[in-house]
Amino acid sequence: MSKNKGPRVLVYDIETAPILAYVWGLWENNVSLNQIESDWYVLSWSAKWLGEKKVMYDDNRNAKNIEDDKRLLKGIWKLLDEADIVITQNGISFDTKKLNARFILNGFKPPSSYKHIDTKRIAKKNFAFTSTKLEYMTGKLCKKAKKSTHGKFPGFSLWTACLAGNKAAWKEMEKYNKLDVISLEELYYKLQPWDSTVDFNLYHDGVANTCRCGSEEFSKNGFCFTSTGKYQRYICKACGHETRSKDNLFDKQKRKALRRKV
């Protein structure tokens, strides 16, 4: 294994409060801005560095004004600012944009840029699972940790109980949020050989090639052909992730003779 530290990879998940609004019925509502009683905000977040044991968590249970999430945001902003890569479940569409909205509304500058790996997008691209929800995929693929189902406070009742200040509900929210991150990490390890979102090798110094799983053991596995060349293909002995060389194995005469499709 290489002594290079590699990238800082953050696995995280957030929980938000619902929008409270006045509506006239249960179906097909178009809520106008003047019907909103209170807007959404961040209730809690959980995060861990990939491969490390410590699971971090914070929430707004003791805030004087639960809708004021500025203090809560400082912790997750700092972690995102440190991260080279983040891993989420549906975070490209939800968590990241939600956090960015709360950041700018609370006067935060953007955190340092990072690459984003979304397990839901990996699943949609590569598989035809019955569902790409975290609960389904961790239930089918993970052995150590699976997404939690609610206990005493099933479904939406957990959110309403937390908003009402119920201490038992907040304890359940903490457990629920942390387990989402733990199970997400295990799910990512299952999916990572199929993913090509980020080239982890770029984050390691030196000339030794390092797979996203941390292994430096590769074996030759045939060739990869493109419209302009032939390249040696390699497979990671540990996880099976595939890479190729950057050197075109076609000689100049062959490359010159190649034709392009019209």
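Just so it is clear, none of the values below were taken in a lab; they were calculated from the coordinates. Note that the structure is predicted; figures quoted are calculated from it, not measured. Note that we place each Cβ from the backbone using ideal geometry, even for glycine, and neighbour counts take in every protein chain shown.
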### Task
Can you tell me the dipole magnitude for segment 217-257 around its Cα centre, using point charges on the Cβ only (Lys, Arg +1; Asp, Glu -1), in Debye to the nearest 20?
260 debye
## Note on the structure
Cys in the chain lacking any partner Cβ under 4.7 Å -> Cys142, Cys162, Cys224
### segment 114-173: C-alpha gyration tensor shape, a/c 1.5 cut-off, then a/b vs b/c
prolate
### Query
Check Lys230: other-chain or 5+ apart residues with amide H under 5 Å from its amide H, H built from backbone geometry?
Leu249, Phe250
### Task
For segment 117-224, build the charge dipole from Cβ charges (+1 Lys, Arg; -1 Asp, Glu) around the Cα centre, then report which of Ser196, Ser157, Val207 sits farthest towards its positive end.
Ser157
### Message
Nearest 5 percent is fine: what portion of the DSSP beta bridges confined to segment 37-139 is antiparallel?
### Response
50 percent
### Where only alpha carbons of the chain are counted, the Rg and the Dmax (Å)
22.6, 75
### Query
Dividing the Cα convex hull volume of segment 217-257 by residue count, how many Å³ per residue is that?
60 Å³
### Task
Based on other C-beta atoms within 10 Å, arrange Phe127, Phe250 from fewest to most.
Phe127, Phe250
### Task
Just rank Cys142, Cys224, fewest to most, by other beta-carbon atoms within 10 angstrom.
Cys224, Cys142
### Message
Rounded, prolate or oblate, given the Cα gyration tensor of segment 58-162, with a/c below 1.5 counting as rounded?
### Response
oblate
### Summary
Expected sort for Thr210, Thr160, Thr88 with the fewest Cβ neighbours (10 Å cutoff) up front is Thr160, Thr210, Thr88
### Task
Go through Ala145, Asn177, Gly51 and say which Cα lies farthest out towards the positive end of the charge dipole of the chain; charges sit on Cβ, +1 for Lys and Arg, -1 for Asp and Glu.
Gly51
### Message
For segment 177-262, compute Rg over Rh where Rg is the Cα radius of gyration and Rh is the Kirkwood radius from the inverse mean 1/r over Cα pairs.
### Response
1.12
## Note on the structure
Quick note, segment 81-131: a/c under 1.5 would make it rounded; otherwise a/b > b/c is prolate and the rest oblate (a ≥ b ≥ c, C-alpha gyration tensor); here it is oblate
### Karplus 3J(HN,Hα) series, Hz, for segment 185-194 with 6.51 cos²θ - 1.76 cosθ + 1.60 (x for Gly, Pro)
4, 5, 4, 4, 4, 5, 8, 4, x, 8
### Message
As I understand it, the dipole of segment 9-194 uses +1 on the Cβ of Lys and Arg and -1 on the Cβ of Asp and Glu, about the Cα centre. Which of Pro18, Asn29, Ser93 lies farthest toward its positive end?
### Response
Ser93
### Task
Multiply the residue gap between Tyr57 and Lys246 by 0.36 nm, knock off their C-alpha separation, and tell me the result in nm, one decimal place.
63.8 nm
### Task
Provide the gained length on full extension for the span Thr228 to Tyr136, in nm with one decimal, where the gain is 0.36 nm per separating residue minus the Cα-Cα distance.
29.0 nm
#### Entry: Relative contact order (%) - criterion: Cα under 8 Å, at least six apart; region: segment 217-257
34 percent
